[in-house]
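A quick write-up on the structure given underneath.
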Amino acid sequence: MLTYDCVILTDQRYLNDSKTDAYKHNVYVEDRLVYHALEELGLKTLRLAWDDMFFDWSSTTSVLFRTTWDYFDRFEEFSKWLETVSKQTTLLNSEAIIRWNIDKHYLLDLQRKGIHIAESHFIEQGAKVTLAQLHDILNWKDTVLKPCISGAARHTYKLNPENLKAYESTFQKLIAAEAMMLQPFQHHIVSKGEVSMMVFNGQFSHAILKKAKAGDFRVQDDFGGSVHNYTPTLEEIEFAEASVKACDELPIYARVDIFEDNDGQIALSELELIEPELWFRHHPEAAKLLAKSIKNKLTHDH
């Protein structure tokens with residue numbers, strides 16, 4: 001028995017609004033914008049934590065991943081849930097897209113389709129290699145090391161010739177357990193920032209510029225980064241739309257993070273298709289664009 005058209009997914013921490021925690025308040029506001037946009041189009045909508053044990057997931061036509069930000073801390077549980085729920089309802093984005101996007105090897109798939117990515121070297125789990133050897137082979141000096149499956153800058157290290165020895169044992173522990181990636185440090189991300197482009201159903205909507213705080217290289221606002229409205233160039237818009245269209249299926253929402261690489265080229269740092277922050281509070285119209293895309297999809301699929 002279908003009761004809902006679309007359930008917006010969050011995690012337990014963000015179910016309620018907060019007067020004291022600005023971060024929680026922003027999450028709540030953004031999800032409400034999406035909720036109202038869906039309801040305005042006549043779609044019966046509900047907002048729930050993804051791990052809600054009492055909800056019958058087959059009672060909704062679709063579920064929309066928005067702020068399920070604890071999934072990488074509870075990955076096995078989330079993975080099992082994903083498998084079960086994907087059989088009961090339509091996931092936006094789909095289970096296939098989510099599983100592909102969780103692992104940074106997806107960047108290589110996009111590169112094969114002609115999308116210019118941040119220069120990257122993948123080190124597979126169990127590889128017998130040291131950090132010094134890698135830097136020597138690749139002829140890189142300043143680099144960033146991170147896991148292929150990650151979120152919120154978990155195990156992200158900035159390396160240089162002076163600290164390789166200090167990180168060697170950490171690296172050996174990590175590489176025994178999981179695949180890692182090494183990238184040359186991108187100087188423009190610090191000087192110019194990183195641009196996030198929101199794309200709904202293949203169509204560019206709006207962009208923001210993220211800058212790291214002085215002395216840090218991580219642009220996430222968890223680390224004190226700042227956010228600015230941004231008007232992208234036509235070339236940046238085309239790049240973002242092409243990146244999204246290079247996916248095996250068209251995601252209904254995407255955030256394309258781009259920057260100017262060390263060679264002065266537009267490069268993709270990440271394509272976020274699971275639960276990216278989409279900055280609706282900077283551009284409320286975008287929530288309507290997303291809602292329309294969802295309504296069209298549900299009308300055509302059912």
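The values are calculated or read from the model by the stated rules, or taken from the named source; none is laboratory data. Everything quoted here is computed from the prediction, not taken from an experiment. Every residue, glycine among them, receives a Cβ derived from its backbone with ideal geometry; neighbour counts consider all protein chains shown.
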Considering residues of the range 67-101 that are farther than 24 Å from Asp301 by Cβ and of a type in the set (Asp, Glu) only, the residue surrounded by the most Cβ atoms within 10 Å (Cβ to Cβ) = Asp70
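Confirm whether Arg13 is over 24 Å from Phe200 (Cα atoms), in a helix (DSSP H, G or I) and in contact with a Lys or Arg (Cβ under 9 Å, 6 or more places away or on another chain).
Numbers: over 24 Å from Phe200 (Cα atoms): yes; in a helix (DSSP H, G or I): yes; in contact with a Lys or Arg (Cβ under 9 Å, 6 or more places away or on another chain): yes.
Yes: the conditions hold for Arg13.
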inquiry  = Given the criterion part of a strand (DSSP E or B) and within 26 Å of Ser150 (Cα to Cα), identify the matching residue among Phe78, Phe65.
reply    = Phe65
request  = Name, by its number, the condition in (1) modelled with pLDDT of 95 or more; (2) over 17 Å from the mean Cα position of the chain (by Cα); (3) not assigned by TED's automatic domain parsing to the domain that holds Thr89 that does not hold for Gly202.
outcome  = (2)
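Just checking: which of the strands (runs of 3 or more DSSP E) contained wholly in the range 220-302 hold 2 or more residues that are within 14 Å of the chain's Cα centre (by Cα)? Before you say what the answer is, go through the steps one by one.
Values: elements: 226-230, 253-260, 266-272.
The qualifying strands (runs of 3 or more DSSP E) are 253-260, 266-272.
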request  = Give the range 1-49 a look and list any residue that's acidic (Asp, Glu) and touching a residue at least 40 places away in the same chain (Cβ under 8 Å), or say none.
outcome  = Asp5, Asp11, Glu30, Glu40
ask   = Of the residues that sit in the range 210-255 and are at pLDDT 95 or above and of a type in the set (Lys, Arg), which one is farthest from His300 (Cα to Cα)?
value = Arg255
key: Those residues of the range 161-215 which are under 16 Å from Trp140 (Cβ atoms) and touching a His at 6+ places or on another chain (Cβ under 6 Å), in sequence order   = Leu182
